[in-house]
Every structure is written in C-alpha cells, then in structure tokens.
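K.L.:
Dropping a structure here in structure tokens format, bear with me for questions.
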Amino acid sequence: MAWIDEHPDEFVKIYSSEDTISSHAEKMFDIVMSASDHNNRRDTLWPLAMTLILLCPDTIRLAIHAILHDNRNRKEYNYSRISKKVMFLDNIRQCSRIDALAEISAICMTDFAKAVYSFPRDPGNELQRYALSQEKEMTGLILDPTSRIYKNNKDRHRLSQLVMDKLFAIYRYDPKDFTEIAVNKAYMSSANTYITFNMARFGKEYSRRVGVKFDFKAFEDLCRIIAPKMRRQLKELLESFIPTSPSSVDRGVPFKGAIPVDKVDLIVEILRNCINNLDCALVGTKLDDKLSGAPEDVESVDEETRILDLIIEESVASKFADIAEAGAEFVELIYAPSNAWRWSKFAERNPDEEQVFWQYT
C-alpha cells in the first residue's frame, strides 16, 4: 500500500493503459485467497489482498459495478476472477459489524478509499461511489472513541496509523471535510487523543508520503480558527502533566481497549507542529504580522500572547527531556535570524514593549 500512497500518479496510470502488473496481481490475489491459513492470518493477508485488488483495474471495476447494482448473480459476473473479488469485498464490509474484525475491516476499506480518491473527483467513478457509500460508517468506526474498534483494540500504534490513513483519505477527497474535523474534533480537552495526535503530525506525514511539502498557506483562514484552540489545549496538557504519574489521566487499571495517546507524545507532537508551521503557531499573538491593529483586538491579542508565553515557559522548564527539547527548539526558531522581521514589525506596533524581545533570549 505504501507504493500507492507515495506514487498516486503511477497508480492512476494503471487504470488508463494496459499494464502487465495487473496480470501478476491477479495471480497473487488468487494465491493469497487460497492460502490454507488465510483466516488465521487475516491481519496481514487481508490488507495485502486489498492492495492486489486495486492493481487489477479490469476486474475490480466489474466487481464494484456488480456490488453497486446488485448484479452479483448475473452470468457476466460469475467468472471466477470477478466473483472472488465480489465475495472478498462483501466479506470486508460485513466484518465491520463484528467486534473482533471491525478494525481490520476498517484498515482495508481505508486503504481502498485512499487509493481511489487519487483519481480526479468524479461522481460517475464507481470506485469512488463505492468508497463514499461506506464513508459514514467507516468515519464513525475510526474517529469515534466509543466505537467497537476502540473498545477492542490491542495495538494503539496500528490504531494511530489507521486514524492517520483516514485523515489522509478525507483530505485527498475533500479538504473541506478535513477542515471540519480540524476545527470541531481535533483541538479541545474532550477530543479523541488519536485525532489530536495525528492532526498535529499530518503536515509532516503528508510531506513524507507525497514528497511535496504540505502547503499550510492554503489553510491560512483555518489557522486563525485552529491556532487559539491548539494553544489552549497545549497549555492545558502542559499544566496537567506530571512526569511521575500515568501520562493519560483517563487511563484506568486495568484498561481494556485503546489506551489514550500518551500526554508526552501529544505535547511533543503539537510543539513540533508549531515548529513546522510557525505562522499558524503565532496567529493572534503580538508576533502575528497580519494583525489588524483594531482597538477591539487588543484584549484578545494580549490573552493569546500570554498563553504563548506560558507554553514557552512550561515546555522549556519541563523535567521531561523530550518536551524541554521541543520547547527549546520552538523558542530558538522564534528568535532565529530568519524571523528577525517579525520582531521588527512587533517593535513598530509596540514601541513600549522592547523588553519582550529579551524576555526569553
């Protein structure tokens, strides 16, 4: 699946020209599905089978058409290579309602969605229509911390990867839906920690997968909404963090299901996000170069700057090395020569506050 993630253009080309890779993928799919211990190794074999299906454009199109139009029993869809794929896809979908199999079902369906959303958005594309028909159910399973996936999860790293993949698929198909999650589900005290953690690292992960730097500037308006929420959550995490206590206050003993993301990881990842996107991190503070300067904004700007100051103080002074290191890197970036222009503009707007520059240096 990594190849499809990292080379979506090459994947799309398979569907627009004859490619020998599909014949090999067909054979490998048959081998995987006929393995004697297939069901006992579903965690590894089902995602592999889904990837192989996606590399078989001719038969996957027919299989999806048969499912969407409920033509499974028609003669033209009874060929072995088509019927096997119909059975596999039906099985994957049905397993989403079984506690023990819901997570692997969601992994396979998310892999499918990520791949077919690589195509230009088209209401007539039946592969995309099939993915969209499962979207509401899959989004609930993956992003709702009360779903059966969370209740039965035994591997939080795999769950975290699944949440990232889901965010990736949503962003790829409709950035507006991605924006809604960022605004309403990511940065608040009651948020699903897996959403917060992966939203914070999304830009970095997107750049790694696609090989193109994530364009934060395209979300400038979004940053004005998110930045205050992100700072307040980071402030709350830092103030409530005690190195000698369990990192997640909502972690019970014994704990069944998905363990919330560790507070240290959350704090460090949000700080890293601030470092990778300094413009967003400073939005609404006195170092925001796009402040309107309106009198009614003064109180809000002072409060946002106070929260930023507290974040810097708490993180740099943390007894936990990873947090202190990330905090120090954040401070160094703010005072780096490359950001001297920010302080020049700050001095122009605030001639009586020159001491602020020396406060942390």
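K.L.:
Over the chain, with a Gaussian network built from C-alpha contacts below 10 Å, which listed residue (GLU299, GLU314, GLU103) shows the highest mean-square fluctuation?
P.N.:
The residue that fluctuates most here is GLU299.
K.L.:
Using alpha carbon centroids, what distance separates segment 307-353 and segment 147-221, in Å?
P.N.:
Computed from Cα coordinates, the inter-centre distance equals 26 Å.
K.L.:
Find the cysteines in the chain that fail to meet the 4.7 Å Cβ criterion with every other cysteine, and list them.
P.N.:
CYS56, CYS95, CYS108, CYS274, each lacking another Cys Cβ under 4.7 Å.
K.L.:
Compute the acute angle (0 to 90°) between the alpha-carbon long axis of helix 321-334 and the principal axis of greatest extent of the alpha-carbon atoms of the chain; round to the nearest 10°.
P.N.:
70
K.L.:
Then there is this: When only DSSP loop residues count, what chymotrypsin sites (Phe, Trp or Tyr not before Pro) in segment 64-145 have their Cβ near at most 16 other Cβ atoms within 10 Å? Before the final figure, lay out the partial values.
P.N.:
Numbers: sites: TYR77, TYR79, PHE88, PHE112, TYR117, TYR130; in loops: TYR79, TYR117.
In loop regions of segment 64-145 (DSSP not H, G, I, E or B), the sparsely surrounded chymotrypsin sites (Phe, Trp or Tyr not before Pro) are TYR79.
K.L.:
Let me ask something additional. Find the relative contact order for the chain and round it to a whole percent, using C-alpha pairs within less than 8 Å whose residues are 6+ positions apart. Intermediate values should be presented prior to the final figure.
P.N.:
Numbers: 367 pairs, mean separation 43.1, N = 361.
Once divided by the residue count of the chain, the mean separation gives 12 percent.
K.L.:
Right, something else. Please report, in cubic angstrom per residue, the volume enclosed by the convex hull of the alpha-carbon atoms of segment 1-181. Can you show the working numbers first?
P.N.:
Numbers: hull volume 21.8 nm³, N = 181.
Roughly 120 Å³ of hull volume per residue.
K.L.:
Using a simple spin-label model with points 7 Å from Cα along the Cα→Cβ vector, what separation in nm is obtained for LYS229 and LYS290?
P.N.:
Once both label points are built, they end up 1.7 nm from each other.
K.L.:
While we're here: With charges only on Cβ, +1 for K and R and -1 for D and E, what is the dipole size of the chain about its Cα centre, in debye, rounded to 20?
P.N.:
Values: 48 positive and 57 negative charges, 347 e Å.
Computed about the Cα centre, the dipole is about 1660 debye.
K.L.:
Can you tally the net charge around LYS204? Count Lys and Arg as +1, Asp and Glu as -1, for every other residue whose Cβ sits under 12 Å from the Cβ of LYS204.
P.N.:
Working: positive: ARG201, ARG208, ARG209, LYS213, ARG272; negative: GLU205, GLU269.
Every neighbour counted, the sum reads +3.
K.L.:
Could you pull out every one of the lysines with an alpha carbon less than 28 Å from that of LYS136, ignoring same-chain neighbours closer than 8 positions?
P.N.:
LYS84, LYS85, LYS114, LYS151, LYS154, LYS166, LYS176, LYS185, LYS204, LYS229, LYS256
K.L.:
Determine the gain in length on full extension of the stretch ASN350-ALA100; use 0.36 nm per residue of separation and subtract their C-alpha separation, reporting nm with one decimal. Could you put the intermediate results ahead of the total?
P.N.:
Values: separation 250, 0.36 × 250 = 90.00 nm, distance 5.95 nm.
Going from the current span to full extension adds 84.0 nm.
K.L.:
I'm spelling it out carefully: the read-out is Kirkwood radius over Cα pairs in Å, the candidates are (1) 21.8; (2) 22.8; (3) 23.8, and one was derived from this structure. Which label?
P.N.:
(2)
K.L.:
Please compute the modelled spin-label separation between GLU325 and SER207, points set 7 Å along Cα→Cβ, answer in nm with one decimal.
P.N.:
Label at SER207, label at GLU325, 1.8 nm between them.
K.L.:
Next up: Where in the chain lies the longest segment free of trypsin sites (Lys or Arg not before Pro) that are both loop residues by DSSP (not H, G, I, E, B) and have at most 14 other Cβ atoms within 10 Å? It would help to have the intermediate numbers written out before the result.
P.N.:
Details: sites that count: ARG74, ARG97, ARG121, LYS154, LYS213, ARG251, LYS256, LYS290, LYS319.
Answer from the scan: 1-73.
K.L.:
If you don't mind, another one. Modelled label-to-label distance, GLU299 and THR44, 7 Å Cα→beta-carbon offset: nm?
P.N.:
6.2
K.L.:
Quick check: residue separation of HIS157 and ASP309 times 0.36 nm, minus the Cα distance between them. What number comes out in nm? The partial results should precede the final answer.
P.N.:
Details: separation 152, 0.36 × 152 = 54.72 nm, distance 3.25 nm.
In short, 51.5 nm is gained.
Each reported figure results from applying straightforward, stated rules to the coordinates on display, with no laboratory input. Small disclaimer: the values here were computed from a predicted structure and weren't measured. Cβ coordinates were reconstructed from backbone atoms using ideal geometry, including for glycine residues, and neighbour counts include every protein chain displayed.
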